[in-house]
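Novice: Would you mind keeping the following structure in view while I ask a few things?
The values are calculated or read from the model by the stated rules, or taken from the named source; none is laboratory data. Computed from a prediction, not measured in an experiment: that's the story for all the values here. So basically every Cβ, Gly included, is an ideal-geometry build from the backbone, and we count neighbours across all protein chains shown. Keep in mind that these areas ignore ligands, DNA and RNA; they rest on the heavy atoms of the full protein, side chains included. Shrake-Rupley method; radii C 1.70, N 1.55, O 1.52, S 1.80 Å.
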Amino acid sequence: MLQWSGQIQPQLWLCLQGSGPEAERQRESRQLLEKQRQVVKALQSNCAAAHSRAQAAMQREQQCEEPSLQREQQCEARHEREQQCEDARPQREQCKEARLQPVMKTHHKRTSKERSERQNLKSILGEDLKEQQLFRRKQNPQAVEGCQPGGTVPPALSVPSPPLYLRGDSSDSSDSSDNQDTTAPEHPQQQDEEDQDEAAGGDLELPEFSGMWAHGYKDFEVKQRYKRKVVLTNVSYSSSECRLTGLSAALSSCMSVRVICSPKKSQVEVDSVDVDLGSSVVGETVTRSITLTNRGALGCEFKLDMGDQGEQRSVPPLRPMVTEGFIGPFQSIKLELAFKGTVPGVTTHTVYIHSSDCSRRILVQVKATVVSVPVWASPSDVEMKICLWDECYHHCLCVHSRASTALRLTFEVAPGLRKYMEVVPKTGFVQAQSSFKALLKFQPRRSLVEEAGKMFDQDTGVLETPVEVHVAGQTVRVTVSAVLTCSDLTLDTQELDFGPCSVHQAIRSSVYLSNMSLLPQDYGFCRVPEFLEVLPHDGFGTLLPQETRRLDVVFRPRRAQDYSCQLYCRTGLSRELKLACRGIGVRPPLKLSHTSVQFGATVVGHVSSALVHLINTEALLSAAGPRLFSFQVPDHSMVSVCPCTGQLQPGEHCLIQLTFRPSLCEAENGSDTGTQAEVSPAEGSRAVQRESPAGLPQSQHHGHLTLTCCVSDATSGSSEQAPSWSPLNMLWLMLQYPIIQPPLLVTSGTSVTFHPVAVGETALHKCFVQNISEESLDLGSSLLSVEGAFSVVNALRPLAPGHTHTLLLSFCPRKAMKYCEQLELRSQRGSLWLCLRGQGLQSEVSCSTSDPEMDFGHVLLNDRCSRTVTLQNTSAVEVGYRTLLSSQTAPLVAPPPPLVSGDCGESVFTVQPAGGRLSPGQSVDLRICFHPKAEREFRARLTVQLSDQSVVCETDLQGAAWSKSIFVSGGDRLCTQAPGTATPPVSEASPMLVTLTGAGAGSKGSVVRELKVGYVRSTLPNKKNVEFVWEDSGCLQGHGFSIEPSRGAVEPGTTCTVSLTWTPPAGYKPHDVLQSHVFLRANSVTLYNVTLMGMFSS
């Protein structure tokens, strides 16, 4: 450690290497720096930067703990010195300013010589700065700690003018005269950084004196001694003294130095780790060398290890010429590797290089390719591709030799193919390291199929055969492959018979030309006569492999005569096909004004029409009779002809109207196809093909139709003689019609057919109307017949492009008949017609009962009684039905007013089910239930009605309810039981009034009235019979009343009739009312208290 004495403040902490500083070197440096005082400003800026870095290092070091007690003591001493420096700072600043003032005054008066010396000094200081900066980058921050025992740089370093500058000697001294080393950087990266510092030398001013000055020894030898000199320079402008502190007395004359030393070592490497030996023949030796380099300063021994070379052989295929040796420092050695392959193929070997001074081994991969013979052929596989039978083909074979001498070779073809395949020449010599070329000739014939055997596949036509090359006892095989095919063109027919054709028209017939070969072939029809034409392209073209093409032959006769000729079709291989053609040219007696009609563009749903004239060309004065004609129109065609049939006298003409009405469904299925009526061309002739266009496109569709008009032979005019029709008089009319896409499209179809519906029933059908135009459409419709059965249920609304509207249609027939109507859907761009069809059928339903009344008998209160009625649908359609029930209640004597239900507001008669639908042949049981809640008689009318308001069944229902099993009926009703009133207990006697009224005030006759006593059959177990008796209250006979019989017995479900007679007694005065009481008893119980009243009314 250095420390300043006196009043001068220490400026820098330095780490010294080698021996102590020399006083003489210090004085020389100080004198040199005193002459260059003008660089003070630059030194101040550098010192300020050093101060900032020292403070940053101080902050980092303060965070570290000092485990050593000596380090702690040194820190305390250093802090004390720093405090002293801080106290003396103002005084030092004043001294500094006093020194700088004369320097600044004389700075501008320096001569040019002084400026030159200043530049030289600046360059020297720049080099020192580069060395110091380079050393700091190489060292870690802890190096500063090692050179300063205190551990941190004191704050006093902020003084801008450093008084000392340490510079090391450029040479080292040792005891050996040949051991000299320089301070060059150890790594190339340091040299790059130094070059960068030199490039930025313009920015460097003077060196920083706050870092370490590092020196090291590279590649040193053991037991040798090395020295390094350093120079301590005072860069201030005044004398400075320094001394070493913290050293023992034995080390007071020297200093401890931290030296970086690296011993000598070896660094072995090869120029390539992947070696490719190329291709060689079996048994041939190939050598290749690799370079082994030692880039270190220490020599070492090396050894080559071949590792595992596969199978253990006596002689390995890869062996080095030198297996071990010694390589000196910075030397290179070439190592030869010899390879002798014994097995054909690609082999890979690994060579391991070991060095005595390096634990890491070097791996070298060696790759070699071994072939069996020195001769090979190219190509090894000869593809003749597709070859035609009976054609000759050539191919070149090239044989290569690696041998050092000329070799004799012989070519040999498979025995079965020697007639068809040949190599010219068969024998030759291939020179050393040269090639030999031969010509392979191949001409297949049909007999090859049998002689080739397995070498030829008859299903695929592939031929594969070997060609052997014999060279010096070795054989090289070349595989020759080819696909054999024929060159045939075939016609589907050998003869065309056009039959009769009018001189005013033409007939087109089609033939199909097929290419049976696997190669494309050209064709052309030559010497075509003037009355024939071959389409397309006048009969010329190219057929692809396995392609079949339709050719149209058009026959246009010029005169009425027979025609016969031959058409010749020639191929590019000079093969010729013949097609025989014949026809008859006729001149029919009738002639059409136009043989082709072009309709205008018609929207689906609209109508277009055209007119043509049919003319009888026979002379008026000739003996020929009238001619009959008939147009044959296909069924369900979009074209209609009017008139379709007729008769023409010689010279007469007739106007024919053609109507075209396109429909969407028919247009989508394709255009119409013409017919030739019942009269066909001559026997053996070919039917004339009519064009059938594709489906309907989005915008427009072009359709074609050929109509046939049959003309009869001359007739005598007698209607009894049937006309004869000749195919020679036949006419054809070509119709062409473009169909325009409609703005609306019914996706469900333009024909709506309802299933058969019963009369009075309603069926619904949904139609989906889509706008397929590019604009919005306002939908509307035509009016349907008011008396008809069809109707539109929902409203029509504007429809956006691409949207769909659901149209709901209903069909409700009123009569058993068929219905058909047209509904027009309108828009601003066109209309669309819907055909509505439906059929109404009469419903037929039978009922199992035909009785006008249905009596449920006598029933106890709250008991049930039911009957069943069966309905069966005997019609062919589904029928709906419903039941109507009108209820009535009545007293036991007088007829009651009609009531809908019982007294309690509940229905007495019920029917299940109340309604429904019956499929054809289906039956249903109607269950009618009688459930009374009050004691009286009930009546109702049951009506079964169908959907067409017809009545199937109408029956009156009746029944009586009693609170006791023994009842008496036929009396007068005293009062009506109020709804909700409880029924009297069974144990009490029920009151009853029976009035016997005679007619006439003065009449003395008897009045008779009948009562019925009955026994109700119940679901509960009953007795077999019950006896009843009438008990008199004492005045019955005195008032003239009598009961017959007065006692009796009744069985369950039966009644007994009791007669009440009243005869006025003597002394009876008119208008007097006689009254008496009787009691009905059964099973010793009084059931009824009957009041009898007798009187005569006026």
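Novice: Can you tell me which residue among A624, A610 is in contact (Cβ under 8 Å) with a residue 40 or more places away in the chain and under 59 Å from the mean Cα position of the chain (by Cα)?
Specialist: On the way: A624 fails: under 59 Å from the mean Cα position of the chain (by Cα).
So the residue among A624, A610 that is in contact (Cβ under 8 Å) with a residue 40 or more places away in the chain and under 59 Å from the mean Cα position of the chain (by Cα) is A610.
Novice: In addition: So T475 passes all but one of these: (1) polar (S, T, N, Q); (2) crowded, with 16+ Cβ neighbours inside 10 Å; (3) without any contact (Cβ under 8 Å) to a residue 40 or more places away in the chain. Which condition number does it fail?
Specialist: (2)
Novice: Closer than 30 Å to G959 by Cβ and touching a Ser or Thr at 6+ places or on another chain (Cβ under 9 Å): does that describe N1089?
Specialist: yes
Novice: Can you tell me which residues in segment 1044-1076 are open to solvent by 20 Å² or more (accessible area, probe 1.4 Å), part of a strand (DSSP E or B) and of a type in the set (V, I, T)?
Specialist: Scanning segment 1044-1076 gives T1055, T1057, T1061.
Novice: Does any residue in segment 331-354 that is outside any strand (DSSP E or B) come within less than 6 Å, Cβ to Cβ, of a residue that is surrounded by fewer than 18 Cβ atoms within 10 Å (Cβ to Cβ) six or more places away or on a different chain, and which pairs are these?
Specialist: G341/V282; P344/V371; P344/S372
Let's see how each residue does on (1) closer than 30 Å to K385 by Cα; (2) without any contact (Cβ under 8 Å) to a residue 24 or more places away in the chain:
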position: C501; (1), (2): no, no
position: S509; (1), (2): no, no
position: N515; (1), (2): yes, no
position: P520; (1), (2): yes, no
position: P536; (1), (2): no, yes
position: P557; (1), (2): no, no
position: C565; (1), (2): no, no
position: S574; (1), (2): yes, yes
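Novice: Quick check on my filter: what residues within segment 406-431 are under 25 Å from W376 (Cα atoms), open to solvent by 40 Å² or more (accessible area, probe 1.4 Å) and not β-branched (V, I, T)?
Specialist: Passing the criteria: A406, R408, E412, P415, R418, E422, P425, K426, F429, Q431.
Conditions (1) in contact with a Gly (Cβ under 8 Å, 6 or more places away or on another chain); (2) under 29 Å from L614 (Cβ atoms); (3) of a type in the set (V, I, T), marked per residue:
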| site | (1), (2), (3) |
| --- | --- |
| R527 | no, no, no |
| V534 | no, no, yes |
| G539 | yes, no, no |
| L551 | yes, no, no |
| A580 | no, no, no |
| L592 | no, yes, no |
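Novice: So, restricting to strands (runs of 3 or more DSSP E) that lie completely within segment 567-619, which ones have at least 3 residues that are surrounded by 15 or more Cβ atoms within 10 Å (Cβ to Cβ) and at negative phi?
Specialist: So the answer is 576-586, 590-592, 608-616.
Novice: Within segment 854-872, can you find the residues that are closer than 19 Å to H931 by Cβ, part of a strand (DSSP E or B) and open to solvent by 20 Å² or more (accessible area, probe 1.4 Å)? If you could, list the steps in order and put the result at the bottom.
Specialist: Step one: filter segment 854-872 for residues closer than 19 Å to H931 by Cβ, giving 854-869.
Still in the list and also part of a strand (DSSP E or B): 854-860, 865-869.
Across segment 854-872, the qualifying residues are M854, D855, G857, H858, L860, C865, S866, R867, T868.
Novice: Please go through (1) more than 17 Å from S266 (Cβ to Cβ); (2) modelled with pLDDT of 85 or more; (3) surrounded by 13 or more Cβ atoms within 10 Å (Cβ to Cβ) for I333 and return the number of the only condition it doesn't satisfy.
Specialist: (1)
Novice: Scan segment 838-853 residue by residue and report those that are in a strand (DSSP E or B) and without any contact (Cβ under 8 Å) to a residue 40 or more places away in the chain.
Specialist: Residues satisfying the conditions do not exist here.
Novice: Something else about it: Yes or no: D457 surrounded by fewer than 18 Cβ atoms within 10 Å (Cβ to Cβ), more than 30 Å from F436 (Cα to Cα) and touching a Lys or Arg at 6+ places or on another chain (Cβ under 7 Å)?
Specialist: no
Novice: Can you name every residue in segment 336-354 that is among the small types (G, A, S) and open to solvent by 20 Å² or more (accessible area, probe 1.4 Å)?
Specialist: Of the residues in segment 336-354, the ones among the small types (G, A, S) are 338, 341, 345.
G345 - this is the single residue of segment 336-354 that is among the small types (G, A, S) and open to solvent by 20 Å² or more (accessible area, probe 1.4 Å).
Novice: I'd like the residue in segment 947-968 that is hydroxyl-bearing (S, T, Y) and out of contact with any Gly (no Cβ under 7 Å at 6 or more places or on another chain) and, out of all such residues, is least open to solvent (accessible area, probe 1.4 Å).
Specialist: Once the filter is applied, the top-ranked residue is T955.
Novice: When segment 466-500 is examined, which residues are found to be closer than 30 Å to S517 by Cβ, of a type in the set (D, E) and not in a loop (DSSP other than H, G, I, E, B)?
Specialist: If the condition is that a residue be closer than 30 Å to S517 by Cβ, of a type in the set (D, E) and not in a loop (DSSP other than H, G, I, E, B), then E495, D497 are the ones that fit.
Novice: Out of the residues in segment 804-837 meeting the condition of being assigned to a loop (DSSP other than H, G, I, E, B) and more than 16 Å from K766 (Cα to Cα), tell me which one is most open to solvent (accessible area, probe 1.4 Å). Please lay out each step first, then the result.
Specialist: Filtering segment 804-837 down to residues assigned to a loop (DSSP other than H, G, I, E, B) leaves 812-817, 828-829.
Within this subset, residues satisfying the condition of being more than 16 Å from K766 (Cα to Cα) are 813-817, 828-829.
Values: P813: 1, R814: 151, K815: 133, A816: 62, M817: 85, Q828: 104, R829: 128 Å².
Within segment 804-837, the match that is most open to solvent (accessible area, probe 1.4 Å) is R814.
Novice: Let me ask something else. Take the residues in segment 1061-1081 that are in contact (Cβ under 8 Å) with a residue 12 or more places away in the chain and of a type in the set (A, V, I, L, M), then tell me which one is farthest from M1095 (Cα to Cα). Spell out the reasoning first.
Specialist: Going residue by residue through segment 1061-1081, those that are in contact (Cβ under 8 Å) with a residue 12 or more places away in the chain are 1061-1065, 1068, 1070-1081.
Within this subset, residues satisfying the condition of being of a type in the set (A, V, I, L, M) are 1073-1074, 1078, 1080.
Details: V1073: 5, L1074: 7, V1078: 18, L1080: 23 Å.
In this case the residue turns out to be L1080.
Novice: Continuing with the same structure: Please go through segment 384-405 and pick out each residue that is over 54 Å from the mean Cα position of the chain (by Cα), surrounded by 14 or more Cβ atoms within 10 Å (Cβ to Cβ) and either of a type in the set (A, V, I, L, M, F, W, C) or in a strand (DSSP E or B) (or both). Don't jump to the end; show me each part of the working.
Specialist: Taking segment 384-405 first, the residues over 54 Å from the mean Cα position of the chain (by Cα) are 398-405.
From the residues that got through so far, the ones that are surrounded by 14 or more Cβ atoms within 10 Å (Cβ to Cβ) too are 399-403.
Once the filter is applied, which keeps residues that are over 54 Å from the mean Cα position of the chain (by Cα), surrounded by 14 or more Cβ atoms within 10 Å (Cβ to Cβ) and either of a type in the set (A, V, I, L, M, F, W, C) or in a strand (DSSP E or B) (or both), segment 384-405 yields V399, H400, S401, A403.
Novice: Which members of segment 262-304 meet the condition of being surrounded by fewer than 16 Cβ atoms within 10 Å (Cβ to Cβ), more than 18 Å from L363 (Cβ to Cβ) and free of Cβ contacts under 8 Å to residues at least 40 places away in the same chain?
Specialist: R295
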